[in-house]
Amino acid sequence: MWQAFWAGPAWKYTLLIGSLITCLAIWRHHTEAATIYTDYTDAAITNALPAIGAVAALILRWLEMPGLVSGIALGTGIILAIAYAVFATFRTNQGALSITLVIVAKLTLITVFYALIGMLIASLFSNSARRKGESQARAAARNSREKKQTMALITGLSVAYTAFTAWVCRRPEFTSLSECLEFDTAPA
């Protein structure tokens with residue numbers, strides 16, 4: 001099933017629909033009809049949980065734990081991020097439309113960001129072959145240059161995503177974790 005999804009145009013349609021829903025959610029956020037992120041703490045928790053899961057998985061892999069344990073760590077980080085995104089969205093939004101739009105927007109933004117970063121990081125570990133007529137020294141120099149460009153792209157993308165995330169925060173401040181995790185029915 002997943003192979004058919006990735007092999008065909010379905011992932012492109014999903015990305016397009018997710019992008020359109022995200023644009024609508026951002027518009028509703030700025031007209032104050034919905035809240036994507038309440039504050040920086042909300043955004044940080046939502047965006048950091050998948051990364052924490054990935055780092056934990058890498059550490060477990062480095063410690064030569066079974067692949068299943070690493071997979072569970074990664075999956076736990078992702079599931080916690082989704083659960084927190086849903087929790088925070090229900091906590092700060094009212095109405096099925098706002099809640100649905102914001103959940104889809106959060107998941108689309110985070111998924112696209114981590115997919116791009118993951119692909120860029122993976123490209124750092126692949127050496128492109130020498131091109132026809134290219135000397136070994138030139139190929140090594142080109143590979144080094146391409147890796148530096150990729151690292152700059154990762155940095156730039158991370159900075160841009162962080163700035164964008166700050167832009168869609170309702171309150172430009174950090175709050176305590178206890179305040180961020182408490183459940184109240186009044187929207188912020």
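The values are calculated or read from the model by the stated rules, or taken from the named source; none is laboratory data. What you see is a predicted model; the values in this text were computed from it and never measured. Glycine also receives a Cβ, built like all others from the backbone with ideal geometry; neighbour counts cover every protein chain displayed.
Using the structure shown, decide if A115 is surrounded by 15 or more Cβ atoms within 10 Å (Cβ to Cβ), assigned to a helix (DSSP H, G or I), among the small types (G, A, S) and without any contact (Cβ under 8 Å) to a residue 60 or more places away in the chain.
Working: surrounded by 15 or more Cβ atoms within 10 Å (Cβ to Cβ): no; assigned to a helix (DSSP H, G or I): yes; among the small types (G, A, S): yes; without any contact (Cβ under 8 Å) to a residue 60 or more places away in the chain: yes.
No, not satisfied.
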Can you confirm whether R145 is surrounded by 12 or more Cβ atoms within 10 Å (Cβ to Cβ) and either at pLDDT 90 or above or not β-branched (V, I, T) (or both)? no
Pairs, first assigned to a helix (DSSP H, G or I) in segment 129-140, second surrounded by 12 or more Cβ atoms within 10 Å (Cβ to Cβ), C-beta under 6 Å, six or more apart: A139/R130
Within segment 20-37, tally of residues that are over 19 Å from V112 (Cα atoms) and crowded, with 22+ Cβ neighbours inside 10 Å: 3
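Listed here are the residues, each with its yes/no results for (1) outside any helix (DSSP H, G or I); (2) in contact with an Asp or Glu (Cβ under 9 Å, 6 or more places away or on another chain); (3) crowded, with 20+ Cβ neighbours inside 10 Å; (4) modelled with pLDDT of 90 or more.
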| site | (1), (2), (3), (4) |
| --- | --- |
| K12 | no, no, no, no |
| A43 | no, no, yes, yes |
| A48 | no, no, no, yes |
| L80 | no, no, no, yes |
| T100 | no, no, no, yes |
Name the pairs: first residue in segment 46-74 and under 16 Å from L107 (Cβ atoms), second residue among the aromatic types (F, W, Y), Cβ to Cβ under 8 Å, at least 6 apart or on different chains? T46/Y37; T46/Y84; N47/F113; L49/Y84; P50/Y114; A51/Y114
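Quick check: is even one residue across segment 124-135 in contact with a Ser or Thr (Cβ under 6 Å, 6 or more places away or on another chain) and over 30 Å from V102 (Cβ atoms)? Give the steps one after another, and end with the answer.
Taking segment 124-135 and keeping what is in contact with a Ser or Thr (Cβ under 6 Å, 6 or more places away or on another chain), we get 124.
Checking which are over 30 Å from V102 (Cβ atoms) leaves us with 124.
There is at least one residue in segment 124-135 that is in contact with a Ser or Thr (Cβ under 6 Å, 6 or more places away or on another chain) and over 30 Å from V102 (Cβ atoms).
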